[in-house]
Amino acid sequence: MCGKASGLLTRIPVAEATQVWMEHFLDYATTKSGMSAALNAVIASGVAPAASPIPRSTAPESRPVDSSPSSRTR
């Protein structure tokens with residue numbers, strides 16, 4: 001999150017950079033909160049998550065996945 005601030009400041013005005021950074025921070029905090037709630041639900045259920053592994057594909061991806069922030073829409 002800290003590295004994002006300097007990148008924003010070099011591209012856009014300070015007020016706009018602050019707003020964009022806060023939106024990213026809220027997305028980050030919301031995601032962490034959702035992950036915490038999901039983890040607490042798994043723990044409360046008493047089910048051992050390792051007992052039922054997620055199947056993984058052995059086929060290679062046809063194209064790389066772009067997970068950069070610029071690939072996401074607002």
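Tabulated values for the structure
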quantity	calculated
From phi via Karplus (6.51, -1.76, 1.60), per-residue ³J(HN,Hα) for the stretch 24-30 in Hz, x at Gly/Pro	5, 5, 5, 4, 4, 5, 5
Ranked list, fewest to most other Cβ atoms within 10 Å of each Cβ, for Val14, Val20	Val14, Val20
Cα radius of gyration and Dmax for the stretch 1-45 (Å)	15.0, 48
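Read the figures in this text as sums done on the coordinates, not as results from a lab. Since we're looking at a predicted model, the values are computed, not measured. All Cβ positions, glycine included, derive from the backbone under ideal geometry; neighbour counts span all protein chains shown.
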